[in-house]
Every structure is written in structure tokens, then in C-alpha cells.
Amino acid sequence: MLETLSHDLRTPLNSIIGFADMMEQGIFGPVENKRYRNYISDICGSGRQMLEILNDVLERQRFEQIEKSVEDFRHMFELAPDLIGICRDGQILRINPAGANLLGTWPADALIGRAFADFVHADFKMLISDGLEKLTDRTTRLPLKLCRPGGGEVDVELAAIPYDHPDTSEPGDDSEAGAVMLIARDVTERNRAISRVAASEDHVRNIMNTVVEGIITIEDDGTIETVNPAAEKIFDYEPGELIGNNIELLIAGEQPLIETALAGDPTAPEVSTALAKPRELMGIRKDGSTVSIELTMSQLKRHGNVTFICALHDITERKMVEARLVELATRDPLTNLPNRVAFKELVSQTIEIARRKSNSFTILFVDLDNFRHINDTRGHRIGDEVIRMTGQRLRHCLRDCDTIAHQGGDEFLVILDGVAGDEEAQAAAHIIM
């Protein structure tokens, strides 16, 4: 019954403790949320307490059985899968076959009289420098690395308990009185698995930290879970400062699609497809300023929960280039006035507004007399300066509601808003001249 209880309870408890310990040490990545860190610590601490209670109960019951039956003790001692050794003054008095196999020495009797410290790795000897008896004061297992005489190392978790049962030896033999019982479990494969997971997580973390693309993961309620350095740089936040905040802190204006995904079923095909399409929106930096970003979202379903992965690009520079290209395409570089292309669009807009508001407008064509003579006699530099000054003077004598464009050469076009009839148009032209 003890073996069944030990297996049924120790195995899941060790798994819970090991996993919580890995999370507490940050092997899966930093847990910035204080509430989550406390919760992980509670799980780890509670698991260890339960394991300590179980160890105490099992060890007490085990030794009660040992006291009742020497034969049962010897049977358990011989068949136990973990190292069980009886030591006094640091020397091995007895060790089971599993222990001999763990230490790479056979038969087990060959270990009798050997110092247990001889098998402890040099880097760990200081942990037992005060004697094996001191280990009985520990409430948790001691991690050690053992060395085999023929080569090779073994990671173990070692527990020590006082051992004083002369009635389990031959009559009259008190050689084991006042000894210490050592129980060591081979955790080499478990540690290797942890190292592999840690290396894999570290590799992923390094990738996240070096990619130029901003990456933010959020929970299904919008809480920010992780942020890589590139994303922190985009929004001008310090490392870890965004963890635990809502994604709304970084997004300007309403985003119906994102809100729908968070509130509804994000794995629905139509939502999933829409989220995957890049969209341009305005982000909010820490200082309140805005930044143009391109956002693509995907979702990862794990343990029944959905995590959103947001990929971000700072497209501020691209938007500036686009705006500049639009300006170059619609602005005359000499006068910085709308050019012929822009004027056509402005006329269309003016016609639409006039039709909608029953308004009127007038278009004037302006050119300079004898401009070619200026170019021919004074040069193109002077001619360009005349065109620039003409544009400035036209702008100065027109109202804010009027529009002026440079058609090219010495020709200008003017839209006079609200001016109707020949008399008003002639009066406006007279002012311009």
C-alpha cells in the first residue's frame, strides 16, 4: 500500500513542484505580473509542504513496518528503485542494489566501508562538508551530483533521516545504531528535459528580443502578457512596463474588429481571416504622441484559452514618404502651389460643393506679359524668381476661401469662391492686377 501511495501522490506532486519551480525561476520567460508571481510561489510552496507531509507520513509508516518486520524491511531495501544507504560517520554501512547500480559499483558489498563523499562531485562536496547527519535537519531534498568510478555523472535528489534501529540487524549487532539513512533518486533525465526546455525557451526568447518586428501577446481579455524590445521601442516604454496593462492603452480610437475578437469567438473563420489581414492604425506612445503602425494579429489556442499574437510595424517613415510623394505629385516645386493635376481635383470638388449648396464660383486665368523677354534677357534664375513672387502676391491678394494654382510657365489659375457674374469677376481681376 505504501508503494502505491508513494507512486500515486509523489509523481504528480513532483511534477507540479517542478513545473511551478521552473516558472518561478523564469525558465519559460519572465512573469512580470505580481499577482501571477505570487500565485506561482503559492503553488510551489504548497506543493513542497504537501510533499514534506507525505514524505514524513510515508517515512514514519515505513519505519514502523521496519520495526515490526526485519524481513519486510530487507525485502523493501533490496527491491527499492532508489538508492537507499545506511551511513555512519560518513561511511557506507549498507547499500541496496539500486544504490550500487546508481554509483556504478557492483556488487553492493564492495561499497561497504567507503566514504559516501568519495562519490560526490567536487562542486557539491561543500553541501555535505558538515557531515551527513546534518542533512537530517533539512525539510527538502538536497540536489547533488554524484560521480561513478568508471566515469559518468548522475543528478540526484538526496534525503537523509535519522536511523537507529538495532533490532533490524542481527541479534547483538548495534553497528548501525545512530546512523543516517540516505535516500537518493536519480533525476538526471528530468534535469536534462528541463535543460532542453530551458534552452528552447531561451532560443525563442532570443529570437523575440532580436527581431525588428514588434511582437505583443495579449490574453483573451486584452491584458498584455509579453512585449518584445522592438514593441517597447515603438511605444517608448521601459522593459516590462507594459505587462499587465490592457492593449487599449496602445491603440488610438475604436477598433471594432479587435473588440469583436476579444468579446466573441476569436477562432471563428471570419474573425480569424479578418485579424490576419494587415491594417493601419494609430498607436499611442507613452508620452501621448501618436505613431502610425501596421498591425497583424493571429491567435494561439492553448489549455482552453486563446492568446492573441500581435505583430507591429512602425510605418511612420513610410507614411511620411507617401505624404511627400503625394505632395510632389500635386504641388508645383517652384511656387509650392497646387499644380495642374491638383487643380483639376480642386475644380471637381468646388463644382460638387457649389451644386450641393447652390453656390457659385469663378475661374480666372492669369498670365504674365512679356515673361519670355525676362527669361531671354535676364536668365531663367530671374524668371523663376518672378514666377515665385507672382505666386506669393496672388496668394496675398486673394481670400482664404479662394484657390490659386500654377498651371505651368507664366500661367496661373484662380478659383474665386462665391463670385458670380461678370461684374464681380472683373472687380476681382482688377484687384489682382
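The values are calculated or read from the model by the stated rules, or taken from the named source; none is laboratory data. This one's a predicted model, so the numbers in the text were calculated from it and none came from an experiment. Counting neighbours? That spans all protein chains shown, and the Cβs are built from the backbone with ideal geometry, glycine included.
Which one of the conditions (1) surrounded by 14 or more Cβ atoms within 10 Å (Cβ to Cβ); (2) not in a helix (DSSP H, G or I) does residue 369 fail to meet, given that it meets all the rest?
(1)
Kindly evaluate residue 393 against the criterion of being within 60 Å of the chain's Cα centre (by Cα), at pLDDT 80 or above and more than 19 Å from residue 353 (Cβ to Cβ).
So residue 393 passes the test.
Determine which member of the set 387, 382 is outside the structural domain of residue 280 (by TED's automatic domain parsing), free of Cβ contacts under 8 Å to residues at least 40 places away in the same chain and of a type in the set (A, V, I, L, M).
382
Pairs under 8 Å by beta carbon, first residue of a type in the set (Val, Ile, Thr) in the range 266-293, partner part of a loop (DSSP other than H, G, I, E, B) and modelled with pLDDT of 85 or more, six or more apart or different chains?
284/250; 291/285; 293/315
Cβ-Cβ distance below 8 Å, separation of 6 or more or different chains: which pairs start in the range 303-317 with a residue that is closer than 19 Å to residue 232 by Cα and assigned to a loop (DSSP other than H, G, I, E, B) and end on one that is modelled with pLDDT of 80 or more and of a type in the set (D, E, K, R)?
If the second residue must be modelled with pLDDT of 80 or more and of a type in the set (D, E, K, R), the pairs left are 315/280; 315/294.
Condition check ((1) at pLDDT 70 or above; (2) exposed (fewer than 15 other Cβ atoms within 10 Å of the Cβ); (3) of a type in the set (A, V, I, L, M, F, W, C); (4) over 25 Å from residue 113 (Cα atoms)) across all residues:
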site: 51; (1), (2), (3), (4): yes, no, yes, yes
site: 65; (1), (2), (3), (4): no, yes, no, yes
site: 71; (1), (2), (3), (4): no, yes, no, no
site: 81; (1), (2), (3), (4): yes, yes, no, no
site: 87; (1), (2), (3), (4): yes, no, yes, no
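Residue 110 is checked against (1) touching a residue at least 24 places away in the same chain (Cβ under 8 Å); (2) farther than 15 Å from residue 184 by Cα; (3) over 45 Å from the mean Cα position of the chain (by Cα) and fails just one. What number does that condition carry?
(1)
Cβ-Cβ under 7 Å, sequence separation 6+ or interchain: first residue in the range 321-345 and more than 16 Å from residue 415 (Cβ to Cβ) and modelled with pLDDT of 80 or more, partner hydroxyl-bearing (Ser, Thr, Tyr) and surrounded by 13 or more Cβ atoms within 10 Å (Cβ to Cβ). Which pairs?
As it stands, the answer is none, since no pair meets every condition given.
Residue by residue through the range 230-266, note down the ones that are at pLDDT 70 or above and either buried (at least 16 other Cβ atoms within 10 Å of the Cβ) or among the hydroxyl-bearing types (Ser, Thr, Tyr) (or both).
Result: 230, 231, 232, 234, 235, 237, 242, 243, 247, 250, 251.
May I ask you to verify whether residue 292 is exposed (fewer than 15 other Cβ atoms within 10 Å of the Cβ) and polar (S, T, N, Q)?
Here the answer is no, as residue 292 does not meet what is asked.
How about the range 386-433: which of its residues are hydrophobic (A, V, I, L, M, F, W, C), surrounded by 15 or more Cβ atoms within 10 Å (Cβ to Cβ) and not in a helix (DSSP H, G or I)?
398, 404, 405, 412, 413, 414, 415, 416, 419
Of the residues that make up the range 178-196, is at least one β-branched (Val, Ile, Thr), modelled with pLDDT under 75 and either over 30 Å from residue 131 (Cα atoms) or not assigned by TED's automatic domain parsing to the domain that holds residue 284 (or both)?
no
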